[in-house]
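What follows is one structure encoded as structure tokens, with my remarks underneath.
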Amino acid sequence: MNRRKFIYSVGMTGMSLPFLNANSAVTSAPKAKSVINIFLSGGLSQYDSFNLEVEQSVRGNSKIINSNVDGVRVSHYFPTLAQQMDKLLVINSMKSNQGAHPAGIYKMLTSYDPRSSVTHPELGAWISKRLTTEQDSLPNFVSIGKGSAGTAGFFPGQWAALPVKNTSAGIDFVNRNPKVTQSKFAERLGILNTLNADFAQDHSTKETRAYVDTYLGSLKFMNSKDIDAFALENESESIVRLYDKQEFSRSCMLAGRLVERGVRFVKVELGGWDYHDNIYGKLPSNASKLDKGLSSLLNHLTQKGLLESTLVVVSTEFGRKPEVNPNKGRDHHPDGFTCLMAGAGVKAGQVYGTTTKDGQTAAEDVLDVIDFNATIAWRLGIDPNYEEKSASGRPFKMANQGEARRELFA
Amino acid sequence: MTRFLTLLCCLAASVSVAVAQSADQSEQSQRIDQLVRAKVDQVGQDRRPGIDEYTFCRRVYLDTIGRIPTIDELEMFIEDKDPDKRAGLIRKLLHSKGYQSHWYNYWADLLRVKYVGDKLHHPGNYAQWIKESLRSNKPYDQMAHELINAGGPLYKPGNGATGFYARESMPLDHLANSVKTFLGLSIECAQCHDHPFDIWTQKDFYKLAAFSSKTHLRVDPTANLEKKYAKDRRILKNKSFDEWIVYRESVRVKHAAIHGNGTGFMRLPHDYQYDDGKPHEVMEANVLFGEMPNLNHKVTKAELDTLNHKNAGPPINSRESLADWMVSSDNPLFTKSIVNRLWHQVMGTELVGPLGSLSPDDMGPHPELTEELVAIMKASRYDLKRFLSVLFNSRAYQSRAATLNADGPDYVLDGPIVRRLSAEAIVDSFLSLKTEDPDQYVPTEFQWDGFTHFYEKAQKMNVQDFVDYSIKGPGRAAFQKREEKAAKKRNGDMGPKHLWRVSTYGHVDGSHEVAMLLGKSDRELIDGANKEPNIPQILYLMNGHLEHEIMSQPLAYLHRKLEGITNPDQRMEVIWKAILGRLPKASERALVAHEQDDLIWALLNSNEFRFAK
């Protein structure tokens, strides 16, 4: 057994995990070890980003520019990514059955429609639960961004994402209050141990012991060198200079840094795409964030040799209508939107699926969100039909009824 | 409603008149104790010892009003010479402001009070309805009946029971939720298929759903009214996004409502797969068990079967009959379920079974006790404070807490168990250290929010007024903000937010992040709260804001109590009483030399602080 301990997850419950034999979790030789999921909440306009092969009226103010791949053209709002299209697979035929934000986001992240009788785990929680082994010292599901969350659904809380709301602050409260010296802190812990030992004499239960264990886990976590993974100031100059200073770019850098340390699923959220009005006034600055951050991340992963083993997924809950409305915005449109993939052997430099030219519906190679999620799981070597039961004993599959679309990979 | 009143009257007549008197109550507490003792003796377990005054005081504060006593409250109780002081404290607490604060958290979790993003559903009025029901100690059967049968405008002050339907307006999901909430019964599987192990079939489910068929949430004005608004909506939509959306939303605040009250018929789904029915076949309303209420059908199933698939018959107010059946004292699950819930909340164990999956016949490990508690609830006429008072005054409640372990006792219904405090109780207990009057800012009357406030204003607004309001208005985000601000002004001084109890936070105040970290329900699911540790939570407790708020903040009540105390033993006593609600033990005396802030830190992080014993 590896000397490195499983600090995070053991600490979470104080109970041992249902350990998975690494082999049993795998149905095919995994091509991806990790996933970075850039999630564009609000609904990215496909016709102002990566699906320009539609009638001119549909493209609104977006101008077509060529990319570094023949035949792949993007909107002029993404000039930097245009030079990286050889690393990206564009999927233009995404389809969801949900047209409102909360339900659409829920569907995209969990593969299920929201119901009031059960909450489903996000894909990151499934992957973390399926792939975590005793050797892992960092949590395998990390969620970066303001208001970041990653629900464990009906799984125990330990499988929820570790949230990092802000890359400069890092993990909330992971550092000792600076006014409390190391020795003072040790003294406090000494008193706490005395009190807890005394309480345990007559009142020891599974729950009280879980608390004692989680304190131990938290202390190990505070003191472990794994915390360094979250400290961007320790990143090497050759990587730091790939990025600009914007928070989204820094979030991408952190995601790369975590994947380098073996974290399985990192979600980075970039919101604000819900432009029902004045889309061309509002979109450019957000597009620029994505353009630069994602480009830098692709360079980062390439430079570190991690792109072959990391599946980068850019997703959104739905797209936007082909018509620009009277308020110069675009409304929700779940039939025929766009997502991107890179790395892990994906057919880079290609476009998969189409919409009709009028932009109204997905046309060729329609890819439902559940199949999209099944494909991600499959690429990590996990059977998308993998099943777990909720507290009431209802069985749920990892990607609902989704089937992996293997042809997305070379 | 008439039918419900009749029901209540019959019930009242059948029960002896003197139920509310405390002699009866103490008799009922004693009956619980007799049953418990007999069972303990029968299984050969030791009788649990009683608890001392300190333990009782902390426990009963937590269970009635959801926070630890302040040091003054504790000392006052300890010094009280009245031999009947425990009963006195129970009475006092049940009638204090803290009661509605604590029990609101419980009901809000059960009833899933939540702000849900961009669907027009703002839970302020719903929350206020629950709080008002607790303040007036509305009988539970009446409360449940009002929730199941609620209709009309969502934001009309006082009509907040509609929030229950609005919170889950998909009819079948709503039904499954209602049945789980009020009957403790899990039938959601039967929504889509016959359950392999359960007795309920999909057909049963649809027959039950037929009571409330055609009930729906509509946020826009009804078709007739809608015509009056439509023209201006079109004009505004093409003119300005902001004006259009303010118009739409403000009109909705006035008109959003629950419509329809049941036709008594429902059709099987298009993909019905069993032999006992055909897709789209009409189902006539029927109950799962017990007596079927009379419905005044205006058409027959046979007539409807010949009509269009969408036709479920004319409205006949059958949802009210569903409510009658659900809350009837003859319903074998209604009373048992609430008794099971309250026992679980107060003692920590399941009296009958899992809160959300009981069966009509199950009486739990001690059927006589369940039967007695059901009888007490009925005799209390669903007065929850009265029922709780009977529980709190029992010896069983006032006995030592047991630990549930593999080698623990077999029979655990003889008293409470050691269990973690709810997230809200932990956060509100911090308040008992920060201020001498932690319940000071618990509101005692209806609190307005932007929606109820605007609803009222909108009663005098016609179509042109809405247009004016939207055009002159400050735009989408500011629309809500402006009305919220006006509502706030109307409520008067609410006190500083850092001295509010968790229950006072409304949908405009943001979620209480510390309470969330400690496991407060996100109110997605019924009973969504959890009491598990996790690393972010522990990091907060060790390194978070408590450091400033309680340990080093000179204005914190605990610090003011410690001011001027130089004797270390005395200082230790104050800290122990304030945080743990007891005196330091002899074995702890050695800790006296530590710094004050280190002791406070350690006690706040200790298991004894966050577990009830």
If one compares the long axis through the Cα atoms of helix A:182-203 with the longest principal axis of the Cα atoms of chain A, the angle in degrees, nearest 10, works out at 70
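Cα-Cα over 31 Å: which of A:LYS267/A:LYS397; A:LYS146/B:LYS488; B:LYS180/B:LYS301; A:LYS220/A:LYS397; B:LYS385/B:LYS613; A:LYS245/B:LYS481? Don't skip to the answer; put the middle values down first.
Details: A:LYS267/A:LYS397 21 Å; A:LYS146/B:LYS488 28 Å; B:LYS180/B:LYS301 28 Å; A:LYS220/A:LYS397 34 Å; B:LYS385/B:LYS613 22 Å; A:LYS245/B:LYS481 33 Å.
A:LYS220/A:LYS397; A:LYS245/B:LYS481, as the Cα separations exceed 31 Å there.
Given contacts defined as C-alpha pairs under 8 Å and at least six residues apart, what's the relative contact order of region A:140-286, whole-number percent?
Working: 131 pairs, mean separation 44.6, N = 147.
Normalised by residue count, the contact order of region A:140-286 is 30 percent.
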Bridge orientation stat for the protein assembly as shown from DSSP, antiparallel percent rounded to 5, came to 55
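Please give the length that would be gained between B:ARG560 and B:ARG234 if that part of the chain were fully extended, namely 0.36 nm times their separation in residues minus their C-alpha to C-alpha distance (nm, one decimal).
Numbers: separation 326, 0.36 × 326 = 117.36 nm, distance 6.27 nm.
The B:ARG560-B:ARG234 span can extend by a further 111.1 nm.
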Computed over the protein assembly as shown, protein heavy atoms only, probe 1.4 angstrom, the accessible area per residue in square angstrom equals 40
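Using R₀ = 45 Å, calculate the FRET efficiency as 1/(1 + (r/R₀)^6) where r is the Cβ-Cβ separation of A:ALA410 and A:LEU216; round to 0.05. Don't skip to the end; give the middle numbers.
Working: r = 46 Å, r/R0 = 1.02.
After rounding, the FRET efficiency stands at 0.45.
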Once the in-chain neighbours fewer than 8 apart are removed, the aspartates and glutamates whose Cα is under 19 Å from B:LYS138 read B:ASP109, B:GLU146, B:GLU320, B:ASP324, B:ASP383, B:GLU445
In nm, the gap between the two label points placed 7 Å beyond Cα toward Cβ at A:SER236 and A:ASN166 is 3.0
The percentage of the accessible area of chain B (probe 1.4 Å, all protein chains present) made up of carbon and sulfur atoms, to the nearest whole number, is 52
As straight-line cross-link partners of A:LYS87, the qualifying aspartates and glutamates (C-alpha separation under 15 Å, not fewer than 8 residues apart within one chain) are A:ASP70, A:ASP291, A:GLU308
FRET efficiency for B:GLN464 and B:ALA486 from the Cβ-Cβ distance with R0 = 25 Å, rounded to 0.05, comes out at 0.75
Rounded to one decimal in nm, the spacing of the 7 Å Cα→Cβ label points at A:LYS179 and B:LEU225 is 5.6
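Using unit Cβ charges (K, R positive; D, E negative) and no other charged atoms, how large, in debye to the nearest 20, is the dipole of chain A about its Cα centre? Show your work: numbers first, answer last.
Numbers: 47 positive and 42 negative charges, 165 e Å.
Charge dipole of chain A: 800 debye, to the nearest 20.
Let me make sure I get this right: for chain B, a, b and c are the square roots of the gyration tensor eigenvalues over alpha carbons, sorted descending. Under 1.5 in a/c it's rounded, otherwise prolate if a/b > b/c, else oblate. Which is it? Walk me through the numbers before you get to the answer.
Details: a/c = 2.21, a/b = 1.32, b/c = 1.67.
Here chain B falls in the oblate category.
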Region B:219-280 and region A:172-189 have their Cα centres apart by a whole-number Å value of 57
Along the dipole axis of the protein assembly as shown (charges at Cβ: +1 for Lys and Arg, -1 for Asp and Glu; origin at the Cα centre), the most positive-end residue among A:SER41, B:ILE316, B:ASN261 is A:SER41
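What's the average, rounded to a whole number, of partner chain beta-carbon atoms within 10 Å of each residue's beta-carbon in B:592-605?
Working: counts 0, 0, 4, 4, 0, 4, 9, 3, 1, 9, 10, 3, 1, 8.
Partner Cβ neighbours, averaged per residue: 4.
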Note to self: C-alpha centroids of region A:386-400 and region B:95-139 sit apart, in Å, by 32
Carbon and sulfur atoms account, in whole percent of the 1.4 Å probe accessible area of region A:174-229, for 52
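Taking beta carbons within 10 Å but only from partner chains, what does the mean come to for residues A:215-222? Mind dumping the intermediate values first?
Numbers: counts 7, 1, 4, 11, 3, 1, 3, 5.
Per residue, the average neighbour count from other chains is 4.
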Output ordering of A:331-344, B:359-372 (per-residue mean of other Cβ within 10 Å, highest first) is A:331-344, B:359-372
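How much length, in nm to one decimal, is gained on full extension between B:THR300 and B:VAL116, taken as 0.36 nm per residue of separation minus their Cα-Cα distance?
Working: separation 184, 0.36 × 184 = 66.24 nm, distance 3.95 nm.
Fully extending the segment from B:THR300 to B:VAL116 adds 62.3 nm.
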Within chain A, the percent of DSSP beta bridges that are antiparallel, given to the nearest 5, stands at 45
So, with points 7 Å from each Cα along the Cβ direction, the B:GLU79-B:THR444 label distance in nm works out to 2.5
Here the residues of region B:241-281 lying in the modelled label zone of B:LEU307, meaning backbone nitrogen under 15 Å from a point 7 Å along Cα-to-Cβ, are B:261-268, B:281
With a ≥ b ≥ c from the Cα gyration tensor eigenvalues, square-rooted, and the rule rounded for a/c under 1.5, otherwise prolate when a/b > b/c and oblate otherwise, the protein assembly as shown is oblate
Rounded to a whole number, the mean other protein chain Cβ count within 10 angstrom for residues of A:165-174 is 3
Out of A:SER392, A:VAL369, A:ALA404 - ranked by how far each Cα lies towards the positive end of the dipole of region A:361-410, with unit charges on the beta-carbon of charged residues - the top one is A:SER392
Of the candidates B:PRO69, B:ALA23, B:TYR247, the farthest towards the positive dipole end of the protein assembly as shown (Lys/Arg Cβ +1, Asp/Glu Cβ -1, centred on the Cα centre) is B:TYR247
Distance in Å, no decimals, from the C-alpha centre of region B:527-590 to the one of region A:219-277 is 36
Taking a straight Cα-to-Cα line shorter than 16 Å from A:LYS184, and setting aside same-chain lysines fewer than 8 residues away, one finds none
Computed from the beta carbon distance with a Förster radius of 60 Å, FRET efficiency for B:ASP569 and A:GLU308 to the nearest 0.05 stands at 0.35
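What's the total accessible area buried between chains A and B, using a 1.4 Å probe, rounded to the nearest 100 Å²?
Working: alone 18220 and 27230 Å², together 40620 Å².
When A and B are taken together, about 4800 Å² of accessible area is lost.
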Most packed first (mean Cβ within 10 Å per residue), the peptides B:206-214, A:53-61, A:159-167 order as B:206-214, A:159-167, A:53-61
Taking every other residue with Cβ under 14 Å from the Cβ of B:ASN331 and scoring Lys and Arg +1, Asp and Glu -1, one gets -3
About its Cα centre, region A:174-229 carries a charge dipole, from +1 on Lys and Arg Cβ atoms and -1 on Asp and Glu Cβ atoms, whose size in debye to the nearest 20 is 240
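The values are calculated or read from the model by the stated rules, or taken from the named source; none is laboratory data. As the structure is a computational prediction, the values presented were derived from the model and not from experiment. All Cβ positions, glycine included, derive from the backbone under ideal geometry; neighbour counts span all protein chains shown. Just so you know, the surface numbers come from the protein's heavy atoms only, side chains and all, with ligands and any DNA or RNA stripped out. Shrake-Rupley method; radii C 1.70, N 1.55, O 1.52, S 1.80 Å.
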